[in-house]
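One structure is given here, and the rest of the page talks about it.
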Amino acid sequence: MNSRIEPIPYEEQYLEETLRLLRESNPDHPELGDRELFEWQICERFLTLFQGGVVGYIARIPQVFWYKGTSVEIGFGATLVLDMSNFAVKTFAGSALLDRLLDNSSLKYAAVGIVPEIEQSYIRRGYAVDRDSLRMFARFFVPSNALKYMKKSLYLALPVKILNRFMPIIKRIPSGRIEQIGRFDSEWDETWRRTLSEQYEFYGDRSASFLNYKLSQPGESYFSYVHKDQTAEIDGYIVYRKSFHNVRNLKLVRICDLVGTESAKADLLTHAVKFAKENGVDGVVAISSNRDKKVYRRCGLWISQEYPIVLDPQIRAHAHITFFDSDLDNLW
């Protein structure tokens, strides 16, 4: 059976069948099978076929990162979807797709938010699972919906509400001025790179072309702001959006990207949390470097937990990775 299941580069003729597999395999995430979103995403795709039908799909998002001053081409693992109805097909198709991505490319592979069930698949292939670099940060105003989504006991809702009372959103005097923008200017590129290099050892490209592409995601409306210090110099930005999981009835503000000086990040995060509270959502979430824990907590996102990342073992660094870096922002 293994010899009959081989990964092939994605071809347009399999579009409808691929979209069907994405929708049927992920009923909680129907957006994965949205044609407009699928065609917008810039990525490298592979399929596995069995008896003429599509039984597996995997994608990798190419992106430039900087590691200790040197550019590195990273291929972020995106959606891996398999036909779960046949155990043998599922097993061989999954292994074949992973091997195709990991063994046949000049891109260094990376993945974030991986589930424990698949960690050993990466470890066996020589990759490292880093649990100390990245964290998820959150604050839940209506914890019951979030607990249902995370499949946690609703008995935890009361403790979360109590902790919210004892850990209020700290009111702070802004260190500068926040201005809304519609697009990013290429003149700011060097500011973002310099700022990131001063804080992290591993971080993604933040050119205007990359950021404006992310803002063009179909079906979503983003709120983008820059921060100006007391001399009117731009020293940070934030991008967030309202995020609705219609199947699970969960409403969040998702902080998609954040770059800036410590004071700029604090002002921008406070702005986002205030927006979330005023718009009646269930909470606000973000992912970022473990080094940012202090500023997120100070701005009210006191819930934090490790967020595993898979990297080439030669890359050992505190990473700055946000929703914008992988396919995670594509989910509801």
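Here, each number is a calculation from the coordinates, and none is a lab measurement. Here the structure is a predicted model, which is why all the values come from computation and not from measurement. Quick reminder, even Gly has a Cβ in these numbers, built from the backbone with ideal geometry, and neighbours come from all protein chains shown.
Here are Ala128, Ala157, Ala138, Ala110: which of them is in contact (Cβ under 8 Å) with a residue 24 or more places away in the chain, in contact with a Pro (Cβ under 6 Å, 6 or more places away or on another chain) and small (Gly, Ala, Ser)? Working first, answer last.
Numbers: Ala157 fails: in contact (Cβ under 8 Å) with a residue 24 or more places away in the chain; Ala138 fails: in contact with a Pro (Cβ under 6 Å, 6 or more places away or on another chain); Ala110 fails: in contact with a Pro (Cβ under 6 Å, 6 or more places away or on another chain).
The conditions single out Ala128.
Mind checking which residues of the range 56-88 are in contact (Cβ under 8 Å) with a residue 40 or more places away in the chain, within 19 Å of Leu98 (Cα to Cα) and under 18 Å from the mean Cα position of the chain (by Cα)?
Scanning the range 56-88 gives Ile58, Ala59, Arg60, Ile61, Pro62, Gln63, Ile74, Phe76, Gly77, Ala78, Thr79, Val81.
Which one is farthest from the chain's Cα centre (by Cα), of the residues in the range 9-52 that are farther than 24 Å from Asp329 by Cβ and surrounded by 13 or more Cβ atoms within 10 Å (Cβ to Cβ)? Don't jump to the end; show me each part of the working.
At the first step, the residues of the range 9-52 found to be farther than 24 Å from Asp329 by Cβ are 9, 11-14, 16-17, 48-52.
The next check asks that each one be surrounded by 13 or more Cβ atoms within 10 Å (Cβ to Cβ); those that pass are 14, 17, 48-50.
Numbers: Tyr14: 27, Glu17: 26, Thr48: 25, Leu49: 29, Phe50: 31 Å.
By that ranking, first place goes to Phe50.
For Arg139, all conditions in the list (1) surrounded by fewer than 17 Cβ atoms within 10 Å (Cβ to Cβ); (2) not in a helix (DSSP H, G or I) hold save one; what is the number of the exception?
Arg139 satisfies every listed condition except (1).
Looking for something within 23 Å of the chain's Cα centre (by Cα), of a type outside the set (A, V, I, L, M, F, W, C) and buried (at least 17 other Cβ atoms within 10 Å of the Cβ) - is there at least one such residue anywhere in the range 155-169? Break it down into steps so the answer makes sense when it comes.
To start, the set of residues in the range 155-169 that are within 23 Å of the chain's Cα centre (by Cα) comprises none.
Checking the range 155-169: not a single residue is within 23 Å of the chain's Cα centre (by Cα), of a type outside the set (A, V, I, L, M, F, W, C) and buried (at least 17 other Cβ atoms within 10 Å of the Cβ).
Looking for something over 21 Å from the mean Cα position of the chain (by Cα) and more than 19 Å from Asp292 (Cβ to Cβ) - is there at least one such residue anywhere in the range 233-249? Explain how you work it out, then say what you get.
Initial filter on the range 233-249 (over 21 Å from the mean Cα position of the chain (by Cα)): 233-235.
Add one more test, that the residue is more than 19 Å from Asp292 (Cβ to Cβ), and what stays is 233-234.
The answer is yes, given that some residue of the range 233-249 is over 21 Å from the mean Cα position of the chain (by Cα) and more than 19 Å from Asp292 (Cβ to Cβ).
Within the range 182-195, how many residues are outside any helix (DSSP H, G or I) and crowded, with 16+ Cβ neighbours inside 10 Å? So that I can check it myself, show each step before the final result.
Residues of the range 182-195 that are outside any helix (DSSP H, G or I), as a first pass: 182-185.
Then drop every residue that is not crowded, with 16+ Cβ neighbours inside 10 Å, which leaves 184.
Selection size over the range 182-195: 1.
Looking only at residues in the range 271-302 that are over 24 Å from Tyr203 (Cβ atoms) and among the hydrophobic types (A, V, I, L, M, F, W, C), which one is surrounded by the most Cβ atoms within 10 Å (Cβ to Cβ)?
Step one: list which residues in the range 271-302 are over 24 Å from Tyr203 (Cβ atoms), which gives 274-283, 300, 302.
Next, from what is left, pick out any that are among the hydrophobic types (A, V, I, L, M, F, W, C): 275-276, 281, 302.
Details: Phe275: 16, Ala276: 26, Val281: 21, Trp302: 19.
If we take residues in the range 271-302 being over 24 Å from Tyr203 (Cβ atoms) and among the hydrophobic types (A, V, I, L, M, F, W, C), then Ala276 is surrounded by the most Cβ atoms within 10 Å (Cβ to Cβ).
In the range 240-270, what count of residues is obtained for those that are basic (Lys, Arg) and surrounded by 23 or more Cβ atoms within 10 Å (Cβ to Cβ)? Spell out how you get there, then give the answer.
First, pick out the residues of the range 240-270 that are basic (Lys, Arg): 241-242, 248, 251, 254, 265.
This time we only want the ones that are surrounded by 23 or more Cβ atoms within 10 Å (Cβ to Cβ), so: 254, 265.
Of the residues in the range 240-270, 2 are basic (Lys, Arg) and surrounded by 23 or more Cβ atoms within 10 Å (Cβ to Cβ).
Tell me which of these Glu16 doesn't satisfy, since it passes every other one: (1) assigned to a strand (DSSP E or B); (2) of a type outside the set (Val, Ile, Thr); (3) farther than 21 Å from Asp99 by Cα.
Unmet for Glu16, out of (1) assigned to a strand (DSSP E or B); (2) of a type outside the set (Val, Ile, Thr); (3) farther than 21 Å from Asp99 by Cα: (1).
Name every residue in the range 118-134 that is basic (Lys, Arg) and touching an Asp or Glu at 6+ places or on another chain (Cβ under 7 Å), in order of residue number.
Just the residues of the range 118-134 that are basic (Lys, Arg), to begin with: 124-125, 131.
Listed by number, the list holds a single entry, Arg131.
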